[in-house]
Amino acid sequence: MAECIFCKVIEGKVPSIKVAESDSILVIKDIAPKAAVHYLIIPKKHISDVRAFEQENAGIAADMIMMAQKLSQNLSEPKAFRLIINNGAEAGQCVFHVHMHFLAGKKLPGF
Ligand code: 5GP
Ligand code: ZN
């Protein structure tokens, strides 16, 4: 999608710090981290949010979870982490290309 910042990141048109990559997923460091470890797990396919998933691309959601599991293996003990997906501006979504926040490091504040 032409005006989507994460599509531009995926295409390499906007710089980012890459953490991991698979056929379907790119993981980058968040530009404004809210925790000691703050990654964004982003599907390469443009899907606006969880509500826009269809059964035929549900595998991408599974890929996002499995990528989170893989990232967690590189954390220091106790390897605890939080996953957040904001869906809709009213829920805090700013970039309308679905992404999972992967937060870890030190003790995360209560939720
Ligand atoms: P949202 O509020 O949509 O759930 O989260 C969007 C996240 O993307 C925010 O935490 C914000 O800091 C991050 N972000 C926005 N633009 C960029 C960018 O160009 N590069 C990177 N690495 N992160 C971005
Ligand atoms: Zn996009």
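Bear in mind that the values in this text are calculations on the coordinates, not laboratory data. Given the structure is predicted, the values throughout are model-derived calculations rather than measurements. Glycine gets a Cβ as well: all are built from the backbone with ideal geometry, and neighbour counts include every protein chain shown.
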Problem - Single unsatisfied condition, His38 versus (1) away from ligand 2 (no atom under 16 Å from the Cβ); (2) touching a helix residue (DSSP H, G or I) at 6+ places or on another chain (Cβ under 9 Å); (3) in contact (Cβ under 8 Å) with a residue 60 or more places away in the chain; (4) of a type outside the set (D, E, K, R) - result: (2)
Handout entry: Subset of segment 9-18 that is without any contact (Cβ under 8 Å) to a residue 24 or more places away in the chain and under 20 Å from His38 (Cβ atoms) - its residue that is nearest to ligand 2 (Cβ to nearest atom)
Key = Val14
Exercise for the section: Filter segment 89-111 for residues that are within 16 Å of ligand 2 (Cβ to nearest atom) and of a type outside the set (A, V, I, L, M, F, W, C) and give the result. Expected result: Gln93, His97, His99
Handout entry: Boolean, Lys79 is charged (D, E, K, R), surrounded by fewer than 13 Cβ atoms within 10 Å (Cβ to Cβ) and out of contact with any strand residue (DSSP E or B) (no Cβ under 6 Å at 6 or more places or on another chain)
Key = yes
Exercise for the section: Go through Ser48, Ser72 for me and flag whichever is in contact with a Phe, Trp or Tyr (Cβ under 6 Å, 6 or more places away or on another chain), of a type in the set (Gly, Ala, Ser) and over 19 Å from Val19 (Cβ atoms). Expected result: Ser48
